[in-house]
Amino acid sequence: MNAPAAAPEPAAGGGIARGETILEVRNLRKYFPVTEGLVFQKTVGNVKAVDGVSFDIRKGETLGLVGESGCGKTTTGRCVLQLDRPTSGEVVFEGVNLEQLSNQELTPWRRKVQVIFQDPYSSLNPRMKVGSILGEPMRVHGIEPDPNRRKQRVAELLGVCGLPAKFADRYPHEMSGGQRQRVGIARALCLNPDFIICDEAVSALDVSIQAQVINLLEDLREEFDLTYLFIAHDLSVVHHLCDRVAVMYLGKIVELAESDELFDNPLHPYTRALLSAVPIPDPRVEAERAHQTLKGEVPSPLNPPPGCVFHPRCTLAVDGCRGALPELRELRPGHWVACTEVS
Amino acid sequence: MPKLLEVENLRTQFHTTEGTVKAVDGITYEVSEGETVAIVGESGCGKSVGAMSILRLIPNPPGEIVEGSRIVFGGQDILAMSDAEIRHVRGGQISMVFQEPMTSLNPVLTIGLQLTETMMLHLGLGQSEADRRAVELLGMVGIGEPERRLKQYPHHFSGGMRQRVMIALALSCNPRLIIADEPTTALDVTIQAQILELMRNLTKQMGVALIVITHNLGVVARYAERVIVMYAGRIVESGTADQVYHHPHHPYTIGLLNSVPRMDVRRGKRLVPIEGQPPDLTRLDGGCSYRPRCRWAVDACARSFPALETVGDGQIAACFRAHELQLDEASTA
C-alpha cells in the first residue's frame, strides 16, 4: 500500500457541528466463512451476518438499531468500531473512511468511538480495580500522563456516573450489576469520545435500575455532546431513548424512521409484527390491542431466502417478493421502508 | 372456583457463610383451579425460590423451608409428604417450565424418550400408547412432523422449539398446576408472543392453573388475571391486574410502573426510577425493607414491617400509608 503523506488524524473537538453527519455507513457487509475439514480447510459457505447496511448518524442524535437475535445488529456495531473489519462497504467517521486506515493509523480514532457492552459481569477485568479500569486507557492514549491528575479524573468520572469516588479501590465483584454498568459507562467516557455505541447496555439490568441508567445515558448525552448508536432488542427502551430507529432483519435494514413515526405508523410487515408482539405494561391497553403473531422462525443467515428475506413469514408476500431484493424507499419524509407491497 | 393451592406463611432460608439469607420471608397466597397468577419482582426478590419451594426443590443444605410454613395442594400437605410422595406430585399433578430451554432438557436423550419416560412413570402408559400420545402432544404445541422430531435430540431444536417441547412435557401428565419460571425471558419477542399465546390457549382449554414468574410487567399485563408483587422476600401488593396497574397502593409497585418505558406513549417524558439498590437479604432489620428507597417513608416504617391490609376489593398492600397513595402522585412528588 502506498502510504499517503500523513494518515488523517482526528481534529480536536471533532470539528463537527450539532446536526451534521458524524457517521456514514455505506453498503456495509460482513460475511463469516463457514469451513469444513481439519487440515485442509475449505470454505463451504458464508454466514451473511450483515448484508448491505447503510445509514447516517447526525451529531447529537441517538440512532436505535433493533432486531431479534442474529439479525446482525451487534456485528454492525462491531464493524463501526472496527473490532471486526467489514467484508466490504465504508464506515466514514467525521469525514474519514476508516476502512482505508491501517490498524496503527486507527489508534487515534479508537479514542473517539467507544462502546458500552451488555454484560456488566464479563466486560470488566475481574483482577483490576475500578481505578485501573478507568485510568489505564487514559495512560495508554496519553490523555492524562500524570498519575495524580489521573486519579482525580477517575474520581470525577465516577461522580459523573453516580458512584462515590471510593469505588476506585473496589474490584468488579464487589459491586452490584447496576454499579458495574455505571463503571462500564465511565470507562466509555474516560477518553472523551464523540461517539458511543451502546450494545444492549441496559438489557441485563432490573427495571428499577434500568431506569436509573437510561436517565444517566440521557444526561451524559446532553452534558458531553455525545452521539449514540443504541443497539437493543427491547423496543420500549429504544422508543424512549432514540431519535431515529432502524429495524434489522436477517442482516438488512427493513425500515428506518423517526422514533415516534416508526412506533405510530410502522409500515414494513416485519416491524408491524414485531411491535405487535411487544406487550405493553397496561392490562386495559392490552385487552384492546389486536395481536398479530408472527408464524415460524428466522431462517438461517447461512442460506437466506432469495428476494426479500422476510417473504416466507410475510402476510403480504406476492410472487414478486421471491425475485428481486426490495430497496429502501422513502415513503414519507424521513421514513424509509424496504417493501414493495406497502405504500 | 375451588382452591387448588394454598401457601401460608412460607419462609425459605439459605444458610451461608455470610449469614442467613431470608430469600422468602413469610408469603401467603392462594391459587384457584384454572386461574393464571403472575408473580412479579426483580432479581433476588424470592419469586423463584418461592415457587421452587412448592415442589420442595430447594437443596438442603444450604436451603431450608422453615418450620411453620404450610403448602397445601389439592388438600394434600406438601411439606408433610415423604420423598416418594412428592416425586409423584412433581411432573405429575404439578409441572414446571423453566427459563432455560437449553439446560432443562437432557442433551443426550431424544425428545421422544424424555416425553414418553415421564408419561410411562406418572400415567402408567405402555410404550406404544406413550409414543402415540407424544406425537399428539408435539402436534398440540405446534411442532411440525412430530414423528420425525421425536427421534431428534435437543440440539436439533431452536430455543423457541425447545420451549415448546418443555410445554409439551409439562402438559404430558395432565397436571392441575403449571409453574412457569421466566418461561420466555431467553426468547426473542416474536417467539415470546408465540409461546405465551400457546401457554394461555392450552391452559384455558385444559383447565390447568398457571403460576407465571416474571420480571416483565408487559407480559403480566397481557396474560395474567391476578398479580402478586414481591420485594425482598415478601409480598408487598396483590390484586387483579387492573387494580395493581391502575390503582397501585404500594410505593414499590408505583415505582416499578414509573420505571418502565412505554412504547405507546409519545417520547419526551423522563423516566422516574426507584433510587438506590435492593437490600442485602442477610441484613434485613425489623422495619419495612423498602424504606431506604421509599419517598413516602415515615418513622413508623423503621419500627415494624407493615402487615398486608385490604385496600380494595380483593386487593392487598403492605404499607402504612397504602390508603393515601395514588399512582399519579409519584410523578408529582
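The values are calculated or read from the model by the stated rules, or taken from the named source; none is laboratory data. Computed from a predicted model, the values in this text were never measured in an experiment. Cβ placement follows ideal geometry from the backbone for every residue including glycine, while neighbour counts extend to all protein chains displayed. Calculation scope for accessible area: heavy atoms of the full protein, side chains included, ligands and nucleic acids excluded. Shrake-Rupley method; radii C 1.70, N 1.55, O 1.52, S 1.80 Å.
Name the single residue, out of those in the stretch A:277-294 being of a type in the set (D, E, K, R) and not in a helix (DSSP H, G or I), that is surrounded by the fewest Cβ atoms within 10 Å (Cβ to Cβ).
A:Arg289
Considering only the stretch B:188-203, how many residues are more than 7 Å from chain A (Cβ to nearest Cβ) and free of Cβ contacts under 8 Å to residues at least 24 places away in the same chain?
1
Could you look through the stretch B:48-65, keep only residues that are open to solvent by less than 20 Å² (accessible area, probe 1.4 Å) and closer than 16 Å to B:Val7 by Cα, and pick out the one that is nearest to the chain's Cα centre (by Cα)?
Checking each candidate, the answer is B:Ala51.
So B:Gly233 clears everything in (1) surrounded by 18 or more Cβ atoms within 10 Å (Cβ to Cβ); (2) at negative phi; (3) not hydrophobic (A, V, I, L, M, F, W, C) except one condition, right? Which one?
The failed condition is (2).
So, of the residues in the stretch B:204-218 that are of a type in the set (Gly, Ala, Ser) and more than 11 Å from chain A (Cβ to nearest Cβ), which turns out to be least open to solvent (accessible area, probe 1.4 Å)? Before the answer, list the steps.
Applying the first criterion (of a type in the set (Gly, Ala, Ser)) to the stretch B:204-218 yields B:207, B:209, B:218.
Filter once more, keeping what is more than 11 Å from chain A (Cβ to nearest Cβ): B:207, B:209.
Numbers: B:Gly207: 42, B:Ala209: 0 Å².
Top of the filtered list is B:Ala209.
Please give the helices (runs of 4 or more DSSP H) falling wholly within the stretch B:136-206 in which 1 or more residues are within 19 Å of the chain's Cα centre (by Cα).
On the way: elements: B:146-150, B:159-171, B:189-206.
Filter on the stretch B:136-206 gives B:159-171, B:189-206.
A:Asn148 - would you say it is under 24 Å from the mean Cα position of the chain (by Cα), open to solvent by 50 Å² or more (accessible area, probe 1.4 Å) and more than 14 Å from chain B (Cβ to nearest Cβ)?
It is false that A:Asn148 is under 24 Å from the mean Cα position of the chain (by Cα), open to solvent by 50 Å² or more (accessible area, probe 1.4 Å) and more than 14 Å from chain B (Cβ to nearest Cβ).
Which residue, of A:Val34, A:Val115, A:Val130, is of a type in the set (Val, Ile, Thr) and open to solvent by less than 20 Å² (accessible area, probe 1.4 Å)?
When all the criteria are applied, what remains is A:Val130.
Quick one: is A:Tyr249 in contact with a Cys (Cβ under 6 Å, 6 or more places away or on another chain) and open to solvent by less than 20 Å² (accessible area, probe 1.4 Å)?
Here the answer is yes, as A:Tyr249 does meet what is asked.
Results for (1) out of contact with any Lys or Arg (no Cβ under 7 Å at 6 or more places or on another chain); (2) touching a residue at least 24 places away in the same chain (Cβ under 8 Å); (3) more than 12 Å from chain B (Cβ to nearest Cβ), shown as yes or no for each residue.
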{"position": "A:Ala188", "(1), (2), (3)": "yes, yes, yes"}
{"position": "A:Asp194", "(1), (2), (3)": "no, yes, yes"}
{"position": "A:Cys198", "(1), (2), (3)": "yes, yes, yes"}
{"position": "A:Ala211", "(1), (2), (3)": "yes, no, no"}
{"position": "A:Asn215", "(1), (2), (3)": "no, no, no"}
{"position": "A:Glu223", "(1), (2), (3)": "yes, yes, yes"}
{"position": "A:Thr227", "(1), (2), (3)": "no, yes, yes"}
{"position": "A:Val237", "(1), (2), (3)": "yes, yes, no"}
{"position": "A:Leu241", "(1), (2), (3)": "yes, yes, no"}
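How many residues are of a type outside the set (A, V, I, L, M) and closer than 11 Å to B:Ala180 by Cα when one looks only at the stretch B:35-46?
So the count comes out to 1.
Are there strands (runs of 3 or more DSSP E) fully within the stretch B:223-333 with at least 2 residues that are among the aliphatic types (A, V, I, L, M)? List them.
The qualifying strands (runs of 3 or more DSSP E) are B:226-231, B:234-240, B:315-317.
For the stretch B:132-142, indicate whether the set of residues that are under 28 Å from B:Glu30 (Cα atoms) and within 13 Å of chain A (Cβ to nearest Cβ) is non-empty.
no
Being more than 10 Å from every other protein chain (Cβ to nearest Cβ) and not in a loop (DSSP other than H, G, I, E, B) is true for just one of A:Pro266, A:Pro312. Which residue is that?
Numbers: A:Pro266 fails: not in a loop (DSSP other than H, G, I, E, B).
Going through A:Pro266, A:Pro312 in turn, just one is more than 10 Å from every other protein chain (Cβ to nearest Cβ) and not in a loop (DSSP other than H, G, I, E, B): A:Pro312.
Mind checking which residues of the stretch B:270-323 are over 30 Å from A:Met175 (Cα atoms) and loosely packed, with under 14 Cβ neighbours inside 10 Å?
Scanning the stretch B:270-323 gives B:Ala300, B:Ala307, B:Thr310, B:Asp313, B:Gly314, B:His323.
Restricting attention to the stretch A:162-179, and to residues there that are more than 12 Å from every other protein chain (Cβ to nearest Cβ) and touching a residue at least 40 places away in the same chain (Cβ under 8 Å), which single residue is farthest from A:Glu136 (Cα to Cα)?
Among residues in the stretch A:162-179 that are more than 12 Å from every other protein chain (Cβ to nearest Cβ) and touching a residue at least 40 places away in the same chain (Cβ under 8 Å), the one farthest from A:Glu136 (Cα to Cα) is A:His173.
B:Leu171: within 14 Å of chain A (Cβ to nearest Cβ), surrounded by fewer than 24 Cβ atoms within 10 Å (Cβ to Cβ) and either of a type in the set (Gly, Ala, Ser) or touching a residue at least 40 places away in the same chain (Cβ under 8 Å) (or both), yes or no?
no
Any idea which residue in the stretch B:1-22 is farthest from B:Ala209 (Cα to Cα), counting only those that are open to solvent by less than 10 Å² (accessible area, probe 1.4 Å) and in contact (Cβ under 8 Å) with a residue 60 or more places away in the chain?
Of the stretch B:1-22, the ones open to solvent by less than 10 Å² (accessible area, probe 1.4 Å) are B:4-5, B:7, B:10, B:12.
Now drop any that are not in contact (Cβ under 8 Å) with a residue 60 or more places away in the chain, which leaves B:4-5, B:7, B:10.
Values: B:Leu4: 8, B:Leu5: 9, B:Val7: 15, B:Leu10: 20 Å.
If we take residues in the stretch B:1-22 being open to solvent by less than 10 Å² (accessible area, probe 1.4 Å) and in contact (Cβ under 8 Å) with a residue 60 or more places away in the chain, then B:Leu10 is farthest from B:Ala209 (Cα to Cα).
Report yes if some residue within the stretch A:41-53 is in contact with a His (Cβ under 8 Å, 6 or more places away or on another chain) and open to solvent by 70 Å² or more (accessible area, probe 1.4 Å); otherwise report no.
Within the stretch A:41-53, not a single residue is in contact with a His (Cβ under 8 Å, 6 or more places away or on another chain) and open to solvent by 70 Å² or more (accessible area, probe 1.4 Å).
Cβ contacts < 7 Å: first residue within 14 Å of A:Leu275 (Cβ to Cβ), restricted to the stretch B:256-267; second residue open to solvent by 30 Å² or more (accessible area, probe 1.4 Å) and modelled with pLDDT of 90 or more, any location; separation 6+ or different chain. Result?
Hits for this filter: B:Asp264/A:Val285.
Give the residue, chosen from A:Glu261, A:Glu297, that is part of a loop (DSSP other than H, G, I, E, B), acidic (Asp, Glu) and either closer than 30 Å to B:Thr253 by Cβ or open to solvent by 20 Å² or more (accessible area, probe 1.4 Å) (or both).
Matching residue, one of A:Glu261, A:Glu297: A:Glu297.
What pairs can you find where one residue is in the stretch B:272-294 and more than 10 Å from every other protein chain (Cβ to nearest Cβ) and touching a residue at least 60 places away in the same chain (Cβ under 8 Å), the other is small (Gly, Ala, Ser) and part of a loop (DSSP other than H, G, I, E, B), and their Cβ atoms are less than 9 Å apart, with a gap of 6+ or different chains?
Pairs that qualify, where the first residue is more than 10 Å from every other protein chain (Cβ to nearest Cβ) and touching a residue at least 60 places away in the same chain (Cβ under 8 Å) and the partner is small (Gly, Ala, Ser) and part of a loop (DSSP other than H, G, I, E, B), are B:Leu281/B:Gly44; B:Leu281/B:Gly46; B:Leu281/B:Ala232; B:Leu281/B:Gly233; B:Leu281/B:Ser289; B:Leu284/B:Ala232; B:Leu284/B:Gly233.
Filter the stretch B:207-222 for residues that are aliphatic (A, V, I, L, M) and assigned to a helix (DSSP H, G or I) and give the result.
First, the residues of the stretch B:207-222 that are aliphatic (A, V, I, L, M): B:208-213, B:217, B:219-221.
Once the filter is applied, which keeps residues that are aliphatic (A, V, I, L, M) and assigned to a helix (DSSP H, G or I), the stretch B:207-222 yields B:Leu217, B:Val219, B:Val220, B:Ala221.
Could you count how many residues in the stretch A:141-162 are of a type in the set (A, V, I, L, M) and modelled with pLDDT under 90?
Filtering the stretch A:141-162 down to residues of a type in the set (A, V, I, L, M) leaves A:143, A:154-155, A:157-158, A:160.
If we keep only those that are modelled with pLDDT under 90 too, we end up with A:143, A:160.
Qualifying residue count for the region: 2.
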